[in-house]
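See below for the structure under consideration.
We did not get these values from a lab; they are worked out from the coordinates using the rules stated. What you see is a predicted model, and the numbers here were worked out from it, not measured in a lab. Positions of Cβ are generated from backbone atoms using ideal geometry, with glycine treated the same way; all protein chains shown enter the neighbour counts.
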Amino acid sequence: MSAREEVTIFDLVKTLTELPGPVGHEDAVQDWLAAHWGRFAQEVRRTRVDNVLARVGGSGRRLLILGHADEICLLVKSVTDGGFLHLAPYYADTLGHAPRWFMPASQPALVLTAGGHVEGIIATASGHVVGGRNSKKEQLEWNDLFVDLGVRSRAEVEDLGVHPGCRVIWNPPTRRLGKRGIVGKAMDDRVALAIATLAGERLTGRDDLPYEVWLASTIQEENGLIGASSLVDELSFDLCINLEVGLTGDIPGPDERDFPARLGAGPTLVYKDNSCHYSRRLTDRLVALARERGIPVQQAIFQNFGSDGAEMIRRGVETALLAYPTRYTHSAIELVDEDDLMACVELIVAFATTAADR
Ligand SMILES: [Zn+2]
């Protein structure tokens, strides 16, 4: 075994996705990255709003590899006398109920407190006790959902440090599915951070980098690109490759005319989504480089999608969106393919080691 055996992408994805990092409480993810990136980076910075930045090395124009730490979540809205937690979503809700694709019920839950975590389950009353009443409603309303912590009173909830404002995440373990699949929560966007970490490790110690290469992990992407909006106040960047989940149409339901990308067919370079048009020049360069190196890539535009990349462009950084195909986005069973992830690592390493004037 060599002195610096590379950790596998599965191990990195499992570690990072299983960390709790809901919107506004990303501490565990940022702590892990600051410590882990600190093992190989020349410098690690943590900003006042808790973005993490690491300088991998090299000199020249600044190239940023970017992902976000936060995962979608619920928040405790109130606590009943019996000790149940009522919930509100992380986003600005106007429907009064969860949309069809957001299905928190019947998942293991983790409630984050100032002192640690409390396990529970996200529940709703079953047909045995509410009969046909609930089935008349088209959709569960937020107040039909609650967290059961296995306690009997509000006082016991308070003793656990749980109060309105605490974040709640669904909390399944990350596991393999089939030969190449990895399934679990928070693939959005911890897989990006796993890819960035692996690419950073591979670029470390190379004295031929034509860029000054940085990694960054932002907070609060899911509720409006909040962390990314101040990143360039910490440090200016010339180029950014933003890593995100990629939408696929290769399952029953979506129309492949709208979503032609497929799981396992390589990373997707995204030209445009609902938040911005990405740098055509940088995107085309990544596509050309991938083809030259025999790395499979797909090209797409995404609907119903946005990313930190829009904020980087707004702040003057030339940005491309490199997306790893992901099925069932924003669910507890986000599914990615190991080959797509390694292709992202290869493409980033190829880009960061190839001079721009080629
Ligand atoms: Zn994301």
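Here are some notes:
- Residues Tyr90, Tyr211, Tyr328 arranged by fewest to most Cβ contacts within 10 Å: Tyr328, Tyr90, Tyr211
- Degrees separating the helix 338-352 axis from the principal Cα axis of the chain, which is the longest one: 40 degrees
- With the simple spin-label model, which puts each label point 7 Å out from Cα in the Cβ direction, the Tyr328 to Ser59 separation comes to 5.0 nm.
- Over all pairs of different C-alpha atoms, the range 238-306 has a mean inverse distance whose reciprocal, the Kirkwood radius, equals 12.8 Å.
- Whole-angstrom gap from the range 249-312 to the range 220-238, using each part's C-alpha centre: 21 Å
- Each label point was placed 7 Å from the Cα along the Cα-to-Cβ direction; for Leu177 and Ile251 their separation is 0.6 nm.
- For the chain, lysine pairs with C-alpha atoms less than 27 angstrom apart, excluding pairs fewer than eight positions apart on the same chain, total 6.
- Proportion of all alpha-carbon pairs of the range 74-170 beyond 24 Å (%): 20 percent
- Across the range 74-170, Cα pairs under 8 Å and at least six residues apart give a relative contact order of 44 percent.
- Normalised contact order of the chain, rounded percent, pairs of Cα under 8 Å and 6 or more residues apart: 23 percent
- Cα gyration tensor, the range 42-100 - rounded (a/c under 1.5), prolate or oblate: prolate
- Order of Val151, Val168 - criterion: other Cβ atoms within 10 Å of each residue's Cβ, fewest first: Val151, Val168
- Against the chain, whose longest principal axis is taken from its Cα atoms, helix 27-40 shows a tilt of about 20°.
- Angle in degrees between helix 187-203 and the longest Cα principal axis of the chain, rounded to the nearest 10: 30 degrees
- Shape category assigned to the range 249-358 from the gyration tensor of Cα positions, a/c cut at 1.5: oblate
- When Lys272, Lys185 are sorted by how many other C-beta atoms sit within 10 angstrom of their C-beta, beginning with the fewest, the order is Lys272, Lys185.
- For the range 1-137, the antiparallel share of DSSP beta bridges with both residues in that region comes to about 95%.
- Cα gyration tensor category, rounded, prolate or oblate, for the chain with a/c compared to 1.5: prolate
- Per residue, the average separation of C-alpha pairs within less than 8 Å and at least 6 apart gives the range 244-358 a relative contact order of 33 percent.
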